[in-house]
1. From the list Gln107, Gln76, which one is without any contact (Cβ under 8 Å) to a residue 12 or more places away in the chain and either under 21 Å from Lys141 (Cα atoms) or not in a loop (DSSP other than H, G, I, E, B) (or both)?
2. What's the number of the only condition in (1) surrounded by 13 or more Cβ atoms within 10 Å (Cβ to Cβ); (2) farther than 10 Å from Leu90 by Cα; (3) touching a helix residue (DSSP H, G or I) at 6+ places or on another chain (Cβ under 8 Å) that Ser113 fails to meet?
3. For the stretch 104-150, which positions are of a type in the set (Asp, Glu) and under 16 Å from the mean Cα position of the chain (by Cα)?
4. For the stretch 90-106, give me each residue that is at pLDDT 85 or above and either under 13 Å from Thr64 (Cα atoms) or exposed (fewer than 12 other Cβ atoms within 10 Å of the Cβ) (or both).
5. Is it true that some residue in the stretch 53-64 is at pLDDT 85 or above and within 17 Å of the chain's Cα centre (by Cα)?
6. Condition first: modelled with pLDDT of 85 or more and loosely packed, with under 13 Cβ neighbours inside 10 Å. Can you find one or more residues in the stretch 118-130 that meet it?
7. Within the stretch 140-151, how many residues are more than 14 Å from Leu74 (Cβ to Cβ) and either touching a Cys at 6+ places or on another chain (Cβ under 8 Å) or in contact (Cβ under 8 Å) with a residue 12 or more places away in the chain (or both)?
Amino acid sequence: MPAALTLWDWLTAGVNVQRRLTGSRPLSVTALHIDRRQHLELAWQRQQGEDELLKVPITLAGSTVIEVRSLAHLDQIVEGAGSAIVLLYLYSKSCGSCKEVLRHCSQLCHENSQQKGGVLFLKHNIWNDFDDLTDVARMYKAKAVPSFIFLTGGAMVSSFQTLLDVVCNFTQLI
């Protein structure tokens, strides 16, 4: 009858079986091979998608909030906006209040388009696919979400943390 296994024996069963069968020490791993081909292909596809995104002309007139994908994409949009005020909304997909604020921001965008105001609404998720801060979030030093940043001519005019501050100061900035 075999002896009862201890927890350590259970966790290291493969090593113990090899010791029992061969009577020797387990083989040591001398090198770890990681296939990076898949990761490189995904990075290449992501880069190709960003290049295609930058080639597409951006229509700035409309009642939708434009999703900003990267810093280069933001630069392209801000250059196309000219002297219009750009409201950049920084959010996180996992933030519940961000989703609620986005609905109100979309309503502001729709009202603004009906009034023919010169304000362009943008949104940007501050976390990338690897849960790191994006370049846009680092550039504007995003500490909390939701955050609102007003830009004119590519320069930051002001930033706010709450939608109430945005609504109160919205008419002053226009």
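The values are calculated or read from the model by the stated rules, or taken from the named source; none is laboratory data. Model, not experiment: these values are computed from the prediction. Cβ: placed from backbone, ideal geometry, glycine included. Neighbour counts: every protein chain shown.
1. Gln107
2. (3)
3. Asp129, Asp131, Asp132, Asp135
4. Lys93, Ser94, Gly96, Leu102, Arg103
5. no
6. The answer is no; no qualifying residue exists.
7. The qualifying residues number 5.
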